[in-house]
Amino acid sequence: MMGKEEIQEQMMGAVRTVRETNPMVGSITNTVTINLVANAQLAVGGSAAMVYLPDEGEVLAKTAGAMYINVGTLLPVYEQTLPHVAKVLHEIGRPWVLDPVAVGIGALRSKLLEQLKEYKPSIIRGNASEIIALAGLWGLAGGSSESNVRGVDSMDSVTSAKDAAVALAGWTGGAVAVSGKADFVTDGHTAALSEGGSYFMKRITGSGCSLGGVNAVYAAAASPFIAALTATAVYNLAGSRAESKSDGPGSFQTAFLDELYKAGGEDIAGNPFKIEEV
Amino acid sequence: MMGKEEIQEQMMGAVRTVRETNPMVGSITNTVTINLVANAQLAVGGSAAMVYLPDEGEVLAKTAGAMYINVGTLLPVYEQTLPHVAKVLHEIGRPWVLDPVAVGIGALRSKLLEQLKEYKPSIIRGNASEIIALAGLWGLAGGSSESNVRGVDSMDSVTSAKDAAVALAGWTGGAVAVSGKADFVTDGHTAALSEGGSYFMKRITGSGCSLGGVNAVYAAAASPFIAALTATAVYNLAGSRAESKSDGPGSFQTAFLDELYKAGGEDIAGNPFKIEEV
Amino acid sequence: MMGKEEIQEQMMGAVRTVRETNPMVGSITNTVTINLVANAQLAVGGSAAMVYLPDEGEVLAKTAGAMYINVGTLLPVYEQTLPHVAKVLHEIGRPWVLDPVAVGIGALRSKLLEQLKEYKPSIIRGNASEIIALAGLWGLAGGSSESNVRGVDSMDSVTSAKDAAVALAGWTGGAVAVSGKADFVTDGHTAALSEGGSYFMKRITGSGCSLGGVNAVYAAAASPFIAALTATAVYNLAGSRAESKSDGPGSFQTAFLDELYKAGGEDIAGNPFKIEEV
């Protein structure tokens with residue numbers, strides 16, 4: 001298991017590499033928060049490109065530093081696009097992030113998420129209920145076939161998703177990040193509990209989706225575990241800084257993008273987290 | 001007819017119930033303002049979920065507290081989704097809000113809006129031209145087959161849409177809200193004229209759509225008339241408060257979300273309105 | 001060649017006409033920045049309407065003052081919509097703006113952009129790599145079949161796109177605007193180099209797309225060259241004004257919309273630019 005200082009060194013390295021190389025990240029994501037995803041990716045130093053069509057997704061998979069796939073608002077074309085793009089990503093070993101939003105709602109969503117199992121996303125990010133339901137759908141430990149997903153909200157605690165997260169990371173060989181009051185990030189061996197954030201992150205739409213998009217930016221520059229922890233840390237840091245400057249969810253969102261942009265590597269690595277073996 | 005004080009009591013009740021129960025509201029809405037719809041729904045205390053596919057819409061119809069259907073930017077899949085979801089909503093008696101944006105533009109829009117007639121939306125929200133054109137399309141009094149809809153803008157005054165609004169409410173048994181300089185809300189028996197708002201609400205996109213989405217949040221907690229009047233009142237209150245803090249449409253939108261979030265039940269119920277029998 | 005003062009007079013005329021007539025502009029554009037496109041169009045005094053379906057696009061083409069077509073995030077229906085709407089625009093002589101985002105990515109994008117050649121957009125707006133690649137796709141001078149487009153970013157300098165821009169304007173008989181550090185606008189005879197803007201315009205998503213949308217607003221009120229130069233100038237002016245009030249990309253976007261709204265005709269026409277014969 002890496003020590004905390006080594007992890008922090010690698011987090012600072014991820015931040016530095018992203019700022020220096022401006023990695024292009026492709027996204028296939030929902031129409032509700034697509035703008036915030038792109039703006040958050042730009043704010044931390046990445047470049048953003050979004051598509052819907054299968055062959056365009058393939059081009060991005062092959063040219064981007066990493067990809068972000070979010071199933072929030074499925075359109076019919078996703079039936080062709082998602083398995084095709086995920087297959088390409090897996091075959092060429094490109095890092096990619098899966099956000100299994102609202103897993104359990106509707107037939108296509110379940111079918112697609114089942115298909116994605118074999119393409120092993122480098123990072124899976126979701127709330128506790130989504131992580132538990134995805135592990136259930138994939139027949140892994142800690143999962144449940146009884147979904148507690150309520151729209152985009154979690155009805156479960158982060159702690160209750162720990163086993164599912166570890167099992168998912170074990171299956172993919174990558175990392176899993178569970179968003180909640182404190183965020184749980186694991187590669188199946190080491191786990192980190194990251195603190196901070198803001199009450200307002202649940203009062204704006206897209207704090208989770210855009211965190212997924214930022215995971216992909218760092219995944220272009222670091223291992224899945226370091227990428228997921230760095231993204232989680234910058235969100236917790238920027239969230240608490242933005243809250244202190246906010247008068248409500250509108251001014252919070254504005255300040256949050258500013259703080260994502262201003263956050264430096266040392267501050268991000270210094271944002272409070274604990275590590276443990278799992 | 002209810003007296004003004006009784007109406008105000010019920011408005012405060014709607015605000016309180018929403019804040020306490022955080023009702024999940026499903027939306028099928030346009031891609032232009034979908035983010036603002038969600039953020040406005042969250043700001044007033046609801047939870048938001050957006051979908052496009054028929055079976056996902058059915059799941060939301062059955063699990064959400066209310067639904068919002070806005071035909072702003074139709075995609076081909078809406079031909080399957082909208083009539084299916086509206087039928088389910090009607091059959092199970094779930095409250096739902098219809099926003100007949102740009103009624104009269106294109107063949108699919110007219111066909112869908114004709115189909116929705118029999119599923120009787122609990123609340124219809126639109127500008128004067130849209131309300132008149134919808135009543136015309138549905139063959140009701142006060143309607144006109146000559147649409148004055150110009151893109152998303154109204155060419156008619158709120159007063160000129162009064163008969164159409166009353167006729168639509170008579171048909172659905174629900175409420176109709178006509179947005180304008182002063183907003184007209186009626187259940188076909190009582191009408192309220194709500195004042196306030198801001199000049200900037202016409203200089204940002206989505207003030208109407210997001211008001212429709214907020215109508216659906218309150219419809220999960222109150223009768224259609226009270227829900228529509230409460231949503232209209234919080235918009236008028238937050239709009240005038242935000243204008244005083246704004247330097248243009250950008251800062252207005254930010255301040256507006258803050259004020260939606262901060263508005264309390266007493267202030268909302270105390271926002272100026274007049275009632276009359278119709 | 002017009003003199004600088006005559007150009008400035010016409011720019012002030014375009015600003016005045018837009019503020020007085022509030023022209024409705026139709027857009028078919030990507031889902032990432034569609035909200036900012038609409039808000040920017042409203043901020044400068046236009047009215048915005050967005051659609052996806054072929055017959056709805058036709059209605060807008062026939063009733064709007066101008067149209068904006070941006071191929072950023074293609075959906076399957078674009079295969080029907082774009083050639084149909086562009087054909088109508090060309091036949092009735094309605095001004096329209098083409099934004100060839102990410103030209104070269106995917107088969108449908110190339111096919112559609114090839115089809116659009118014969119419908120001669122009044123204004124083509126893009127970054128240097130997109131302008132060079134479009135000229136290449138259309139077999140014009142200054143173009144290259146080797147695309148340097150990287151997602152939505154330009155890898156080429158504005159200067160290197162000068163020949164392609166002039167050739168495209170020669171083909172369409174309209175204007176071409178190349179966005180970059182200084183922006184190059186030409187009608188094939190006269191060229192203007194417009195200065196200003198902000199570093200933050202590359203750190204938010206949609207500064208290019210929304211500029212394209214604002215090009216269409218002014219195209220409803222002025223010649224393609226004057227419209228493109230006026231739109232470019234108000235962007236450069238508002239960008240530099242907003243930067244001085246910003247703490248990061250979030251507050252920049254808010255301030256930018258405010259400054260677009262507040263910019264007056266004299267200030268816009270007075271924003272620094274040089275003209276030359278090409």
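The values are calculated or read from the model by the stated rules, or taken from the named source; none is laboratory data. Everything quoted here is computed from the prediction, not taken from an experiment. Cβ coordinates were reconstructed from backbone atoms using ideal geometry, including for glycine residues, and neighbour counts include every protein chain displayed.
If you go through region A:127-147 one residue at a time, do you hit one that is buried (at least 24 other Cβ atoms within 10 Å of the Cβ), assigned to a loop (DSSP other than H, G, I, E, B) and in contact (Cβ under 8 Å) with a residue 12 or more places away in the chain? No, region A:127-147 has no match at all. Can you confirm whether A:Val59 is within 11 Å of chain C (Cβ to nearest Cβ) and under 15 Å from the mean Cα position of the chain (by Cα)? In short, no. Within region C:148-198, the set of residues being part of a helix (DSSP H, G or I), closer than 30 Å to A:Gln41 by Cβ and among the hydroxyl-bearing types (Ser, Thr, Tyr) comprises C:Thr159, C:Ser160. Apart from one condition, C:Glu91 fits all of (1) touching a residue at least 12 places away in the same chain (Cβ under 8 Å); (2) part of a helix (DSSP H, G or I); the exception is (1). Go through A:Ala86, A:Ala48 for me and flag whichever is at the interface with chain C (Cβ under 10 Å from one of its Cβ atoms), surrounded by 24 or more Cβ atoms within 10 Å (Cβ to Cβ), touching a helix residue (DSSP H, G or I) at 6+ places or on another chain (Cβ under 7 Å) and of a type in the set (A, V, I, L, M). Only one candidate qualifies: A:Ala48. If you go through region A:197-225 and pick out every residue that is within 12 Å of the chain's Cα centre (by Cα) and either within 14 Å of another protein chain (Cβ to nearest Cβ) or of a type in the set (A, V, I, L, M) (or both), you end up with 11.
Take C:Ala14 and decide whether it is closer than 19 Å to B:Leu36 by Cβ and crowded, with 22+ Cβ neighbours inside 10 Å. Can you show your working first?
Details: closer than 19 Å to B:Leu36 by Cβ: no; crowded, with 22+ Cβ neighbours inside 10 Å: yes.
No; evaluated as a whole, the condition is false for this residue.
In the set (1) at the interface with another protein chain (Cβ under 8 Å from one of its Cβ atoms); (2) in contact (Cβ under 8 Å) with a residue 24 or more places away in the chain; (3) out of contact with any Pro (no Cβ under 7 Å at 6 or more places or on another chain), C:Val77 fails one condition alone, (3). Looking across region A:144-184, not a single residue is in contact with a Phe, Trp or Tyr (Cβ under 8 Å, 6 or more places away or on another chain) and farther than 26 Å from A:Ser223 by Cβ.
Within region C:217-235, being more than 16 Å from C:Thr186 (Cα to Cα) and buried (at least 24 other Cβ atoms within 10 Å of the Cβ) holds for C:Val217, C:Ala221, C:Val234, C:Tyr235. If you go through region A:205-222 one residue at a time, do you hit one that is at pLDDT 95 or above and farther than 25 Å from C:Val32 by Cβ? Yes, that holds for at least one residue. Scanning region C:209-236 for residues that are in contact with a strand residue (DSSP E or B) (Cβ under 6 Å, 6 or more places away or on another chain) and over 15 Å from C:Ala269 (Cβ atoms) turns up C:Cys209, C:Gly212, C:Gly213, C:Asn215, C:Ala216, C:Val217, C:Ala219, C:Ala220, C:Pro224. Look at (1) more than 10 Å from chain C (Cβ to nearest Cβ); (2) outside any helix (DSSP H, G or I) and you find that A:Glu20 fails only one, number (2). When residues in region C:162-174 are screened for being closer than 23 Å to C:Lys202 by Cβ and small (Gly, Ala, Ser), 2 of them pass.
Inspect all residues belonging to region A:26-45 and state whether any of them is crowded, with 23+ Cβ neighbours inside 10 Å, modelled with pLDDT of 95 or more and away from chain C (no Cβ under 14 Å). Looking for residues that are crowded, with 23+ Cβ neighbours inside 10 Å, modelled with pLDDT of 95 or more and away from chain C (no Cβ under 14 Å), one finds none in region A:26-45, hence no. The set of residues in region B:249-264 being farther than 20 Å from C:Glu259 by Cβ, over 19 Å from the mean Cα position of the chain (by Cα) and either buried (at least 20 other Cβ atoms within 10 Å of the Cβ) or of a type in the set (A, V, I, L, M) (or both) consists of B:Asp258 alone. Does A:Ser246 fit the bill of being in a loop (DSSP other than H, G, I, E, B) and either within 11 Å of another protein chain (Cβ to nearest Cβ) or more than 13 Å from the chain's Cα centre (by Cα) (or both)? Criteria met by A:Ser246.
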